[in-house]
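The values are calculated or read from the model by the stated rules, or taken from the named source; none is laboratory data. In this text the structure is predicted, and so the values were computed from the model without any measurement. Because the Cβ atoms are built from the backbone with ideal geometry, glycine has one as well, and the counts that use them run over all protein chains shown.
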């Protein structure tokens, strides 16, 4: 950054700022934002829509006048509330959609107060372009080597990744970033999936923390995780991964599934409704049996059946094409206990050292 300049170009070192402030509407912020940013909107969702409509239906002048009225009120409120405790060393980086009126109006007032506020040239759109370009650069790096765990649903792949992460190894948890377990029943009931943009922002944030000369452990995901599409550059890198097959007996897989999908056991009718989508694929008789097992709380037989009679049938069969290389090793987990998961993680690490 040029000393004394009022805006920065990307890429940039964000650590020189005490705060990153996204002044776009809450809806824009929820869709995607710079990691660590706080949202102090100059216009609310409703105000932004009203100003946009006025611009199209009446005139840009009337829209700007109304926007200035709303912006003045909102900036005043932020100064009195969220920014009331900031001292003279407050050094914010402020951005909006294109680095235009919203960010500059807020930054101008901040500078008048005496704070060294800066904006991003091109705003969020410039940041989004940076994410796309930087992701492609990192994923094209030849030294970046992914180690992917494959295997049937419920075999403990994610738990092995978590064990590796707890022991300080580099883990790219794509299902965690996508907030989805990558299956029919993979939705998190407590919060929705991120947008595609926000997923890619967090993907870049994760990759930037890694030492690319060291192994990165991940899961052999499909091209979509819920509604999230695997970026082409990542899909290409996954096709070049070192792959390991993980195996766990059916009964133990069902026990793991019981933990992961506990929320469905509290709302059996919701689960039945989701399974109705499988009637064309698995037949009415099979889905009706699942309904009966759910309503009678026969979770042991239901979980084993949903694995054996649905998930396992969907898994890639020998001879079918795959994005992934054939597994170089097989990891057989004895049971679903944490001790067995930790042993599997250590076996993977030992294979990688040999």
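The set of residues from segment 168-194 being under 8 Å from the mean Cα position of the chain (by Cα) and farther than 17 Å from residue 148 by Cβ comprises 179, 193, 194. No other residue among 54, 40 is outside the structural domain of residue 194 (by TED's automatic domain parsing), touching a residue at least 12 places away in the same chain (Cβ under 8 Å), surrounded by 18 or more Cβ atoms within 10 Å (Cβ to Cβ) and in contact with a strand residue (DSSP E or B) (Cβ under 9 Å, 6 or more places away or on another chain) apart from 40. Number of residues in segment 82-126 that are in contact with a strand residue (DSSP E or B) (Cβ under 8 Å, 6 or more places away or on another chain), in a helix (DSSP H, G or I) and under 13 Å from residue 21 (Cβ atoms): the value is 7. The set of residues from segment 325-341 being touching a strand residue (DSSP E or B) at 6+ places or on another chain (Cβ under 9 Å) and surrounded by fewer than 18 Cβ atoms within 10 Å (Cβ to Cβ) comprises 325, 326, 327, 328, 329, 330, 332. Going through (1) touching a helix residue (DSSP H, G or I) at 6+ places or on another chain (Cβ under 9 Å); (2) over 26 Å from residue 180 (Cβ atoms); (3) without any contact (Cβ under 8 Å) to a residue 40 or more places away in the chain one by one, residue 339 falls short only on (1). Does residue 344 qualify as being crowded, with 18+ Cβ neighbours inside 10 Å, part of a helix (DSSP H, G or I), at pLDDT 95 or above and in the same structural domain as residue 165 (by TED's automatic domain parsing)? When the stated conditions are applied, residue 344 passes them.
Residues of segment 145-191 that are within 11 Å of residue 218 (Cβ to Cβ) and assigned to a loop (DSSP other than H, G, I, E, B): 145, 170, 172, 173. Among 209, 166, which is within 28 Å of residue 126 (Cβ to Cβ) and loosely packed, with under 15 Cβ neighbours inside 10 Å? Exactly one residue qualifies, and that residue is 209.
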